[in-house]
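Since the structure comes first, as structure tokens, the remarks are kept for the end.
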Amino acid sequence: FPEARLVFILREPAARLLAGFRSARDWDRNIAEGVSFLDFVRVIAEGADPLPVFPADRTRAIYATDAKKVGLYDEIIRHYLEHFAPEQMHILFLDDLKRDHARSLAAIAHHIGVDPARLPEAPLTVENQGVEVGNRKLFAFARTALALARDWYRPANHRFADLLADQFPDVVQPSWLSEDKT
């Protein structure tokens, strides 16, 4: 597919994991009642037995192992680089989209061959502002779990930062990619 144009909009992996947990718990009902985000992260980060989190059956427990992989952007983008040239790929971070959606959408339009001037002007409405903004009590409760998840993702984030610097040098990296990089 030499003419294909790919767009990746990436969220900080621990925040994405929290959003996935909340969705699985509240909407999909895939997580056992009473399981906290910290319990969920321990299953992810420590490789604990997923059955207490997903008691219905083992097939649902697979979500626990897949959930952590979704935030391993270095592996995901490397896989795409096996099939597509970096010029075919546009990498954007969710925080940049939320901060300056007009500029972000114009960059995406340019990447896919659409004149950005033809885009309609429309305000960005943020429906899900995240747990930190929407529910400070829950965020305080989830802070330990988020820290554990961030520790688990840190090596992958550093590999992804190196991959971006090598293959996508024009991409401005968010701070979470370089946190505590040694």
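The values are calculated or read from the model by the stated rules, or taken from the named source; none is laboratory data. Predicted, not measured: the structure shown is a model, and the values here were computed from it. Counting neighbours? That spans all protein chains shown, and the Cβs are built from the backbone with ideal geometry, glycine included. Note: areas computed on protein heavy atoms with side chains; ligands, DNA, RNA excluded. Shrake-Rupley method; radii C 1.70, N 1.55, O 1.52, S 1.80 Å.
The table below lists the values:
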| item | result |
| --- | --- |
| Residues located in region 1-33, provided they are aromatic (Phe, Trp, Tyr) and in contact (Cβ under 8 Å) with a residue 12 or more places away in the chain | Phe1, Phe8, Phe21 |
| Long-range neighbours under 6 Å by Cβ, at least six apart or interchain, first residue closer than 15 Å to Leu10 by Cα within region 101-115, second surrounded by 16 or more Cβ atoms within 10 Å (Cβ to Cβ) | Ser104/Leu92; Ser104/Asp96; Ser104/Leu97 |
| Pick from region 6-38, criterion more than 20 Å from the chain's Cα centre (by Cα) and open to solvent by 40 Å² or more (accessible area, probe 1.4 Å), ranking: modelled with the lowest pLDDT | Arg29 |
| Answer from Arg78, Arg60, Arg42 - the residue that is surrounded by 15 or more Cβ atoms within 10 Å (Cβ to Cβ), assigned to a helix (DSSP H, G or I) and at pLDDT 75 or above | Arg42 |
